[in-house]
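This report refers to the structure that appears directly beneath it.
The values are calculated or read from the model by the stated rules, or taken from the named source; none is laboratory data. Predicted model, so just to flag it, every value in this text is computed and none were measured. Cβ coordinates were reconstructed from backbone atoms using ideal geometry, including for glycine residues, and neighbour counts include every protein chain displayed.
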Ligand code: SF4
């Protein structure tokens, strides 16, 4: 059984590696602009987005708008707050799917993913209590796992909202998003749902989202949207897909728009990029660049590791362990300070992980 699993994972990994070949190597090109001259500071992780509706935003209060303002201003000014504005919490690293482009699938194939598990109630409570004590504004309940695979997801959303977290969100493949769960999540106070929806064509979808079907996910998402409109219209719904160079994927995105544009709040995509950390493939330096994430947010992984950004799926830059240290102490420790100092002084390229990151080029 173990052997079969490992074989399946290896196959997934090969697929993932094959799809890298299709990735548009625009960032590696000599012709790319490697100077920040005339480029605006980008405070969000890079993805292409088309806004379909802003109704949800009009329903948010001033506190939310002030917080979003800080989200842009703090990293732009390279300021260090007392505590991160946002925490990414990997409530579980379990997922019900095995998508070929997902770093989780590739790590499983390499047999380097580590132990699977779920945060306990006590652990989750402790994280949220620390966040609330230090005025943290928002949380995202995932990293490499599927948050709906955690049986306490409804309680987790409710607890965070009741404690006063302004913006609670997660990414999901939506295959476990039953009608009942949708209703409970909205009643619990979910503020944003970001759905990975990779193709309209049923065959392509079943390859990209291995383990579910397009019909099931369409059904789940439509039900969620109908309930959202009724129960919690301030909850934002965004759909996004992974994009490759091949034109067929652009056509899939066009088809996505036809189906979803009148129903969701935003549609987007991000390029598929595999960071080959073993072979140290570096992107060229972008002079004057600094990254927003070390100033905005902190990532808590199920395995206890704390890292600085969404890119670090391979635990390359670990700044602490949330099971052993207070979150505020980690945020202000020497390693984290040095990372912010490097970014704040235009020296991001001295960091091994950042040299291998496409973000400065996006
Ligand atoms: S690797 Fe560096 S540049 Fe890339 S997202 Fe992380 S901190 Fe930012």
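The set of residues in segment 128-139 being under 18 Å from residue 297 (Cβ atoms), out of contact with any strand residue (DSSP E or B) (no Cβ under 6 Å at 6 or more places or on another chain) and part of a helix (DSSP H, G or I) consists of 128, 130, 132, 133. A Cβ distance below 7 Å, combined with a sequence gap of six or more or placement on separate chains, defines the contacts here; from segment 186-207, residues that are over 17 Å from residue 174 (Cβ atoms) reach residues that are at pLDDT 95 or above and assigned to a strand (DSSP E or B) in the pairs 189/168. Candidates are the residues of segment 153-184 that are more than 23 Å from residue 197 (Cβ to Cβ) and touching a strand residue (DSSP E or B) at 6+ places or on another chain (Cβ under 8 Å); the one that is surrounded by the most Cβ atoms within 10 Å (Cβ to Cβ) is 160. Hey, any hits in segment 341-356 for a residue that's in a loop (DSSP other than H, G, I, E, B), at negative phi and either touching a residue at least 24 places away in the same chain (Cβ under 8 Å) or in contact with a strand residue (DSSP E or B) (Cβ under 7 Å, 6 or more places away or on another chain) (or both)? Looking for residues that are in a loop (DSSP other than H, G, I, E, B), at negative phi and either touching a residue at least 24 places away in the same chain (Cβ under 8 Å) or in contact with a strand residue (DSSP E or B) (Cβ under 7 Å, 6 or more places away or on another chain) (or both), one finds at least one in segment 341-356, hence yes. Just a yes or no: is a residue in segment 260-277 part of a strand (DSSP E or B) and more than 25 Å from residue 57 (Cα to Cα)? Yes, segment 260-277 has at least one match. Determine, yes or no, whether residue 289 is away from the ligand (no atom under 13 Å from the Cβ), assigned to a loop (DSSP other than H, G, I, E, B) and buried (at least 16 other Cβ atoms within 10 Å of the Cβ). When the stated conditions are applied, residue 289 does not pass them.
Being in contact with a helix residue (DSSP H, G or I) (Cβ under 9 Å, 6 or more places away or on another chain), surrounded by 19 or more Cβ atoms within 10 Å (Cβ to Cβ) and under 23 Å from residue 186 (Cβ atoms) is not true of residue 85. Of all the listed residues (341, 297, 251), the sole one being more than 23 Å from residue 80 (Cβ to Cβ) and more than 10 Å from the ligand (Cβ to nearest atom) is 251. Here residue 126 passes the criteria (1) under 14 Å from residue 327 (Cβ atoms); (2) exposed (fewer than 14 other Cβ atoms within 10 Å of the Cβ); (3) without any contact (Cβ under 8 Å) to a residue 24 or more places away in the chain except the one numbered (2).
Filtered by the rule that a residue be out of contact with any helix residue (DSSP H, G or I) (no Cβ under 8 Å at 6 or more places or on another chain) and closer than 13 Å to residue 191 by Cβ, segment 123-174 gives 140, 169. Restricting segment 310-338 to residues that are assigned to a helix (DSSP H, G or I) and either in contact with a helix residue (DSSP H, G or I) (Cβ under 8 Å, 6 or more places away or on another chain) or at pLDDT below 95 (or both) leaves a set whose member that is farthest from the ligand (Cβ to nearest atom) is 328. For segment 189-222, the tally of residues that are buried (at least 18 other Cβ atoms within 10 Å of the Cβ) and either more than 27 Å from residue 68 (Cα to Cα) or out of contact with any strand residue (DSSP E or B) (no Cβ under 8 Å at 6 or more places or on another chain) (or both) stands at 10. Scanning segment 318-329 for residues that are free of Cβ contacts under 8 Å to residues at least 40 places away in the same chain and surrounded by fewer than 20 Cβ atoms within 10 Å (Cβ to Cβ) gives 318, 321, 324, 325, 329.
Being away from the ligand (no atom under 16 Å from the Cβ), part of a loop (DSSP other than H, G, I, E, B) and more than 26 Å from residue 54 (Cβ to Cβ) holds for only one residue in 216, 245, and it is 245.
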